[in-house]
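Scroll down for the structure; my scribbles are underneath it.
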């Protein structure tokens, strides 16, 4: 059993990005590979960007609920869904959600670049979780906007 919850896997990241961009009509996987990753990513993020600047993440990865649902449908257990619940102690909520991500990652033997789909009724709290996971080495964390 892997005790390190953080391992990079480029293949899953590329697949997740391709699926997410495909949901936005970005074209085929070959089209995505042919264009600049920054250009492809920024185009896919535009419609899901939270209007509240306090809900923006450091990594700047966002998805609409429909995009996230499509990614989950296609990837199944290879994607890590997590919901961070608002409450009186935001730090405790982020910590609990982080532990859930660790558990799902370990249960399915996923690496640190598996897509993590963060949902929350409070997008600022969701952004805090996304940022925390980024600090821990998760490279494909997406905040699902509403």
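The values are calculated or read from the model by the stated rules, or taken from the named source; none is laboratory data. On a predicted model such as this, the values are computed, not experimentally measured, just so you know. Methodologically, a virtual Cβ is constructed for each residue, glycine included, from the backbone with ideal geometry; neighbour enumeration extends over all protein chains shown.
Give just the number: which of (1) in a helix (DSSP H, G or I); (2) in contact (Cβ under 8 Å) with a residue 60 or more places away in the chain; (3) under 11 Å from the mean Cα position of the chain (by Cα); (4) within 16 Å of residue 85 (Cα to Cα) does residue 134 not satisfy?
With (1) in a helix (DSSP H, G or I); (2) in contact (Cβ under 8 Å) with a residue 60 or more places away in the chain; (3) under 11 Å from the mean Cα position of the chain (by Cα); (4) within 16 Å of residue 85 (Cα to Cα) applied to residue 134, the lone miss is (4).
Would you check which residues across segment 86-102 are at pLDDT below 95 and surrounded by 12 or more Cβ atoms within 10 Å (Cβ to Cβ) and list them?
Listed by number, the list holds a single entry, 86.
Does residue 72 fit the bill of being in a helix (DSSP H, G or I), in contact with a strand residue (DSSP E or B) (Cβ under 7 Å, 6 or more places away or on another chain) and surrounded by fewer than 19 Cβ atoms within 10 Å (Cβ to Cβ)?
When the stated conditions are applied, residue 72 passes them.
Look at segment 117-131 and say how many of its residues are more than 11 Å from residue 85 (Cα to Cα) and out of contact with any helix residue (DSSP H, G or I) (no Cβ under 6 Å at 6 or more places or on another chain).
The total comes to 2.
Every residue in segment 103-146 that is crowded, with 20+ Cβ neighbours inside 10 Å, modelled with pLDDT under 95 and under 18 Å from residue 52 (Cα atoms), please.
Hit for segment 103-146 is 145, nothing else.
Tell me which of these residue 99 doesn't satisfy, since it passes every other one: (1) in contact with a strand residue (DSSP E or B) (Cβ under 9 Å, 6 or more places away or on another chain); (2) part of a helix (DSSP H, G or I).
The single condition residue 99 does not satisfy is (1).
Out of all the residues in segment 102-129, which are within 12 Å of the chain's Cα centre (by Cα), farther than 18 Å from residue 69 by Cα and part of a helix (DSSP H, G or I)? Spell out how you get there, then give the answer.
Kept after step one, since they are within 12 Å of the chain's Cα centre (by Cα), are these residues of segment 102-129: 112-119, 126-127, 129.
From what is left, the residues that are farther than 18 Å from residue 69 by Cα are 112-113, 127, 129.
Answer for segment 102-129, where residues must be within 12 Å of the chain's Cα centre (by Cα), farther than 18 Å from residue 69 by Cα and part of a helix (DSSP H, G or I): 127, 129.
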